[in-house]
Every structure is written in structure tokens, then in C-alpha cells.
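Undergrad: Take a look at the following structure, please.
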Amino acid sequence: MPMVELKVCGTELPEPFVRELETRITAVLRDTISTSFAVGLGWGPADPNHALAKQTVERVMPGWTMVNVEQCRWAWGGERNGEVVVRLQTFVMEGAVSQEWRRAISTNLYALMAEMFADAGDKLRIFNTCVEGEVTMYLPPAQFYGLLGEGETHKELDVPEIAEWMTARIKKNIEAGAVA
């Protein structure tokens, strides 16, 4: 469900650094969105099953999270004066993540970018947006059993249907006492 496009100008992006960006962006999304889903589906932080609900969502998140990192060329004020420009755009399914949690996504990703590009000092420029919209996506059938019909590999996602599907998975895991 979340997709992040990260475009960077003014610094080289060696492959190990890109891999670290991808991994850490995914971790931020996984933590923030799994918490928002657990809370949104009724398992708040005070609920004794909150951790299990969050772990259930976390188990699904890698199949829903896409990250794209690109090197690009931008001019700041019409010139290239050594600024490191980071443009981060996060796309989430409309109605799936409340405004509070979209802000948390943006805040957490901004903090990560500030940390990862700290060497740029006062030349760092970060632009960060979170965009909602309709989503049709490929879903790995083995991970999304019960959400896809027989032979389906993609689907236009519907928030109530996903909430019902995720709630059923959480309840099943609560009954089992562990994430399956």
C-alpha cells in the first residue's frame, strides 16, 4: 500500500547507501503503518493484544511496501550551488491512513532523511509529501490468501475489505497466541 519515491540531487548515491535507504525507509513505513492499522482496527497501545495486532500487520507489510531511490539533477533557485536536494513522496491508499498517521509517516521519514544526509549540513534541502489516492496493485497470492479470488494476482484495493481481512487475520493470531 505505501510507495515511496525518493529523488536525490547534489550527492552521489553508492549502492550500499541506496540499499540502506531502502531498508530504513521500509522499516519506518512498516513501524508507522502497522501501528496505525492496529490502532485503527481497535487494538490501541493500551490493549493487551496491541503488540500481536501490530506484528500481524508487520508480517504483511513487506508485500505492500515499495521504495524507489533515484539520482537526479535539480537546480535550487535556478542554480546548482552544492545543495543536496532530497525529494521524498509517499503514496498511500485513500482512506487507509488517517491524517494523524500520514503526518507521522512524513515526520518519521523526514527525520530519517535528515539523519541519512546529515553530512550535507546547511546545504540539505528536504521536500516531503504524503499523497493519498486509489490503488490497484499486484499482491503476492501466498501472502494475501483470502483477499484475492482464485487465480487473481492483482486487485483494486478497497479500505473496508482490507480492514475486514486484516481484522480476521489479527483475531486468528490472537486466538493462536502468535503470528502465523
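Undergrad: Leaving out ligands and nucleic acids, note down the accessible area per residue over the chain with a 1.4 angstrom probe, in whole Å².
TA: 53 Å²
Undergrad: For L124, what residues show an amide H to amide H distance below 5 Å, using hydrogens built from the backbone and excluding near sequence neighbours?
TA: Under 5 Å from the amide H of L124 lie the amide H atoms of V84, each far enough along the sequence or on another chain.
Undergrad: What is the set of long-range amide H partners of V69 at a cut-off below 5 Å, with H atoms built 1.01 Å from backbone N?
TA: Excluding prolines and chain starts, which carry no amide H, the hits are L6.
Undergrad: By how many degrees, 0 to 90 and rounded to 10, does the Cα axis of helix 15-40 deviate from the longest principal axis of the chain?
TA: Taking Cα atoms only, the helix is inclined about 40 degrees.
Undergrad: Could you compute the FRET efficiency for Y110 and E134, with r as their C-beta to C-beta distance and R0 at 25 Å, rounded to 0.05?
TA: Taking R0 as 25 Å, the efficiency between Y110 and E134 is 0.45.
Undergrad: Each residue of region 84-100 in order: what ³J(HN,Hα) in whole Hz does its phi give by Karplus 6.51 cos²θ - 1.76 cosθ + 1.60, θ = phi - 60°, with x for Gly and Pro?
TA: For region 84-100, the Karplus-derived couplings read 9, 9, 10, 10, 10, 10, 10, 10, 10, 5, 4, x, 8, 10, 5, 4, 4 Hz, x marking Gly and Pro.
Undergrad: What number, rounded to the nearest 500 deg cm²/dmol, is the helix-based mean residue ellipticity at 222 nm of the chain, given -39500 (n - 2.57) per DSSP H run of at least four residues and division by all its residues?
TA: -14000 deg cm²/dmol
Undergrad: May I pose another question? Helix 50-60 versus the longest principal axis of the chain: what angle, 0 to 90°, nearest 10, using Cα atoms?
TA: With both axes taken from Cα atoms, the answer is about 70 degrees.
Undergrad: Moving on to the next point. Could you go through region 168-180 in sequence order and give the Karplus-derived ³J(HN,Hα) for each residue, using 6.51 cos²θ - 1.76 cosθ + 1.60 with θ = phi - 60°, rounded to whole Hz, and x for Gly and Pro?
TA: Each residue's phi maps through the Karplus curve to give 4, 5, 4, 4, 4, 5, 5, 4, 7, x, 6, 7, 8 Hz.
Undergrad: Moving to a separate point now. Give me the percent of accessible area attributable to carbon and sulfur for region 3-176, probe 1.4 angstrom.
TA: 50 percent
Undergrad: With a/c under 1.5 counting as rounded, go ahead and sort region 1-44 into rounded, prolate or oblate using the C-alpha gyration tensor (a ≥ b ≥ c being the square roots of the eigenvalues; past the cut-off, prolate if a/b is larger than b/c, else oblate).
TA: Judged from the Cα gyration tensor, region 1-44 comes out prolate (a/c at least 1.5, a/b above b/c).
Undergrad: Further question on the same structure: Return the sequence-ordered ³J(HN,Hα) values of region 70-77 in whole Hz as given by the Karplus equation 6.51 cos²θ - 1.76 cosθ + 1.60 applied to θ = phi - 60°, using x for Gly and Pro.
TA: Rounded to whole hertz, the list is 10, 8, 9, 10, 10, 10, 9, x.
Undergrad: Give the shape of region 8-106 as rounded, prolate or oblate, defined through the alpha-carbon gyration tensor: a ≥ b ≥ c are the square roots of its eigenvalues, a/c under 1.5 means rounded, and otherwise the shape is prolate if a/b is larger than b/c and oblate if not.
TA: Prolate is the answer for region 8-106, as a/c is 1.5 or above and a/b outweighs b/c.
Undergrad: Using the Kirkwood formula over every pair of different C-alpha atoms, what hydrodynamic radius in Å results for the chain?
TA: That comes to 17.6 Å for the chain.
Undergrad: Determine the gain in length on full extension of the stretch S98-A118; use 0.36 nm per residue of separation and subtract their C-alpha separation, reporting nm with one decimal.
TA: Here the answer is 4.2 nm.
The values are calculated or read from the model by the stated rules, or taken from the named source; none is laboratory data. These figures come from a predicted structure and were not determined experimentally. Glycine also receives a Cβ, built like all others from the backbone with ideal geometry; neighbour counts cover every protein chain displayed. Heads up: the accessible areas ignore ligands, DNA and RNA and are worked out on the full protein's heavy atoms, side chains in. Shrake-Rupley method; radii C 1.70, N 1.55, O 1.52, S 1.80 Å.
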